[in-house]
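Visitor: Mind having a look at this structure? Questions to follow.
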Amino acid sequence: MVATARTQASFSLNSYIVSDGPAGFLLSWVAGFVDTSAFIILFGIFTAHVTGNIALAGSSFVSDDEASTVTRLLMLPTFVLTVALTSLLARYARRKQWPVFAVLLTAEAIALSVFLVIGTQLSPSLLLDVQEDLILPIGMAGVVSMAIQNALMKEAKGVFKSYIPTTVMTGNTTQLTIDVVQFLSAKFSKEQTELTQKEAEEAVERMGRFIPVIAGFALGGLAAAYLILLSETWWSLVLPLIVIAGMAIAAYIDHKRVTSAA
């Protein structure tokens, strides 16, 4: 009886970790952590918000910094190629009836491990000796990990109620603001009708999904900034790796539970 209770509790925890809300929060926390870490370490390279590198490349170009311009521009094709390969991996996993969410989380964990290894090998003291010629391979490794996560949010059908980006918060913040306006407008409307009540309920439901994601990204960024300045080593990146690896394990276990029950 005790063993059965423990097993059920374990399954319950694994199911919770990979459910819509907690998974969105954890993934956005990882993205915030990795993006902030790379931005600090690599002197302004975005790994999650990869299109931001285009604006920075323009700035480097105006400053006649050819090396920085090329480095930042190369992040975009790296991102696109990784998303394409991740999508192919997801399609293959579906054909084989493998758990797509778990498979892609495993791929992201591997990519984060590579990012960590490349960083520690090329530049052990991250805040002191990251040279320009080292930024490209380190940055590309980080972009690969976040590109996998971007594709994961699209390809992991059935896990998330709707697509909410966990790596870029501009659209999420816009939607949250719109929902707050919709909620307040409905609540303080002089004519309380069934329509206004429905609008308020819809806004609250969406806010409940967007707030954890935005909060997760912000908390991840703050944690990265604090730990990097505190430790001045790459080993702070072990934390997002642990989170993603733990989620992958939980996803595999939960998939096994679901298939066994069926």
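Visitor: Could you list, in sequence order, the residues of segment 5-18 that are within 16 Å of Ile253 (Cβ to Cβ) and either in a helix (DSSP H, G or I) or modelled with pLDDT of 85 or more (or both)? Don't jump to the end; show me each part of the working.
Guide: Step one: filter segment 5-18 for residues within 16 Å of Ile253 (Cβ to Cβ), giving 6-18.
Arg6, Thr7, Gln8, Ala9, Ser10, Phe11, Ser12, Leu13, Asn14, Ser15, Tyr16, Ile17 - these are the residues of segment 5-18 that are within 16 Å of Ile253 (Cβ to Cβ) and either in a helix (DSSP H, G or I) or modelled with pLDDT of 85 or more (or both).
Visitor: Inspect all residues belonging to segment 160-173 and state whether any of them is in a helix (DSSP H, G or I), in contact with a helix residue (DSSP H, G or I) (Cβ under 8 Å, 6 or more places away or on another chain), aromatic (Phe, Trp, Tyr) and surrounded by 13 or more Cβ atoms within 10 Å (Cβ to Cβ).
Guide: Going through segment 160-173, the residues in a helix (DSSP H, G or I) turn out to be 170-173.
Next, from what is left, pick out any that are in contact with a helix residue (DSSP H, G or I) (Cβ under 8 Å, 6 or more places away or on another chain): 172-173.
Next, from what is left, pick out any that are aromatic (Phe, Trp, Tyr): none.
Looking for residues that are in a helix (DSSP H, G or I), in contact with a helix residue (DSSP H, G or I) (Cβ under 8 Å, 6 or more places away or on another chain), aromatic (Phe, Trp, Tyr) and surrounded by 13 or more Cβ atoms within 10 Å (Cβ to Cβ), one finds none in segment 160-173, hence no.
Visitor: Any idea how many residues of segment 171-214 are farther than 29 Å from Ala31 by Cβ and either touching a residue at least 60 places away in the same chain (Cβ under 8 Å) or of a type in the set (Val, Ile, Thr) (or both)?
Guide: So the answer is 2.
Visitor: Here's a follow-up. Taking segment 220-252 only, how many residues are in contact with a Phe, Trp or Tyr (Cβ under 8 Å, 6 or more places away or on another chain) and farther than 28 Å from Leu122 by Cα?
Guide: Of the residues in that region, 1 qualify.
Visitor: Consider Ala218 against the criteria (1) in contact (Cβ under 8 Å) with a residue 24 or more places away in the chain; (2) more than 15 Å from the chain's Cα centre (by Cα); (3) over 18 Å from Glu108 (Cβ atoms): it satisfies all of them except one. Which criterion is unmet?
Guide: Ala218 satisfies all of (1) in contact (Cβ under 8 Å) with a residue 24 or more places away in the chain; (2) more than 15 Å from the chain's Cα centre (by Cα); (3) over 18 Å from Glu108 (Cβ atoms) except (2).
Visitor: Which of the numbered conditions does Trp29 fail, given that it passes all the others? Conditions: (1) surrounded by fewer than 16 Cβ atoms within 10 Å (Cβ to Cβ); (2) assigned to a helix (DSSP H, G or I); (3) modelled with pLDDT of 85 or more.
Guide: Looking at each condition in turn, Trp29 falls short on (1).
Visitor: Same structure again: Got a sec? Which of Leu241, Leu227 is within 30 Å of Ala84 (Cβ to Cβ), of a type in the set (A, V, I, L, M, F, W, C) and under 19 Å from the mean Cα position of the chain (by Cα)?
Guide: Values: Leu227 fails: within 30 Å of Ala84 (Cβ to Cβ).
Selected residue: Leu241, the only one of Leu241, Leu227 that is within 30 Å of Ala84 (Cβ to Cβ), of a type in the set (A, V, I, L, M, F, W, C) and under 19 Å from the mean Cα position of the chain (by Cα).
The values are calculated or read from the model by the stated rules, or taken from the named source; none is laboratory data. From a predicted model like this one, the values you see are computed outputs, not experimental measurements. When we count neighbours, we look across all protein chains shown, and the Cβ atoms used for this are built from the backbone with ideal geometry, even at glycine.
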